[in-house]
Amino acid sequence: MARPTATSSGRQDQWHPPAVRGLAAESLFLVPRRHLDALRDVLRGGEDPEGVAVELGAAAATEGIGWSELLRDVEDVSRSVSGSLPPYELVRAMSIAWTETAAQDSYVVSCEDPLTGLTSPAHLRTRLDDAYRLAERAGASASDLWAFVVVEVRPSGGAESGLLRSLSMIVVAELLRSCFDGDETVSRLGERRAVALVRRWDATRGYSALRGLVDSSPDVPPTRVWIEGVPGTSEAASRLLGELGRGGSADGLG
C-alpha cells in the first residue's frame, strides 16, 4: 500500500508504484480516499472527530476492510497532520462503528448456506440452545420434546465430482423444506448431510414423508434418512452435531 513520502520542502506527496500509476488516487489506500480526506480536514481544523470517525468505521466494515488495515491508514493520516497517533475519542468511535457494522453484516451472511438455502450449523446450535431452555422452563427433558431427522447423500462409488455432490444437496434441501415447512430448523451439516430439528411427536411423520419423497424421486441419488435422538444436555447435543458433521452417528432411533 502506498504511503506519503516527504519532499525537501516538507510537503507530503504520494509515490505511485508502477503497478498503480494512472489509477485514481482513491485506489492507493485500503480505506477509500474520500473518507481519509474528510478525516484529515477535521483533524487539521481541530473539530470534533466523532462524526467522521463513525462514518469511516462503518464504511470500512461495509467494504470488507479489516480493523488493522483501517487503523493503519488512520494512523498515517493522523501522523501526517499532527505527527502523532490519532486521539482516543476518534479511535473509540471508529472502533464501535466498525464492530457494530461488521457484526451486523456477519449475521446477515452467515445464517444460510448460499448453495442450498439451508441454515448454517451455527444457527442450528443457537436454535438448539433455545430448545433446551424451553424444555427446562417447562420442567421437561429436551430429549422427550425434540429429535433430529438426518439426511445423508451417500458417495456414488465412482469418480464423484464436487458439482454432482452439490447438485444432490440442492435436491435434498428442497425435499427437506417440503416436509418441514413450519417453524422447524433445517440446516446443513458437512458436505453430504442435512438435519431438521423437529418436535419429537412430528419426527416419525416427517421421516415417513421424507423417506417417501426420496424413494419416489428420480433425481435423488442414493440417500440415507434416519431419526437421531436429541441428547439430555445441551453440551452433549453440541458434541453430537459435531459428530454428525464429521460423518458419524449415534443412530439413536433409526
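The values are calculated or read from the model by the stated rules, or taken from the named source; none is laboratory data. Since the structure is predicted, the reported quantities are computational estimates derived from the model, not experimental observations. Here the Cβ is made from the backbone with ideal geometry for all residues, glycine too, and neighbour counts use every protein chain on show. Just the protein is used for accessible areas: all its heavy atoms, side chains included, with ligands, DNA and RNA removed. Shrake-Rupley method; radii C 1.70, N 1.55, O 1.52, S 1.80 Å.
Run the numbers for TRP201 and THR99: contour at 0.36 nm per residue of separation, minus the present Cα-Cα distance, in nm.
Working: separation 102, 0.36 × 102 = 36.72 nm, distance 4.21 nm.
Net length gain for the segment: 32.5 nm.
Here the label points at GLU191 and SER141, each 7 Å from Cα along the C-beta direction, are separated by 3.7 nm in the simple model.
Loop only by DSSP, 13 or fewer other Cβ within 10 Å of the Cβ. Give me the GluC sites (Glu not before Pro) in region 44-90 that pass, ordered by residue number.
Qualifying residues, ordered by number: GLU47, GLU63.
Heavy-atom accessible surface of THR223, to the nearest 10 Å², is about 20 Å², with a 1.4 Å probe and all protein chains retained.
Among TRP67, TRP226, TRP146, the order of accessible area from largest down is TRP67, TRP146, TRP226, computed with a 1.4 Å probe on protein heavy atoms.
Scan region 188-248 for GluC sites (Glu not before Pro) in coil per DSSP, keeping those whose Cβ has at most 14 other Cβ atoms within 10 Å, and list them by number. Intermediate values should be presented prior to the final figure.
Numbers: sites: GLU191, GLU228, GLU235, GLU243; in loops: GLU191.
Filter output for region 188-248: GLU191.
Stretching the chain fully between GLU235 and ASP129 yields a gain of 37.2 nm (0.36 nm per residue, less the alpha carbon separation). Projected label points at ASP219 and GLU174, each 7 Å from Cα along the beta carbon direction, are separated by 0.2 nanometres.
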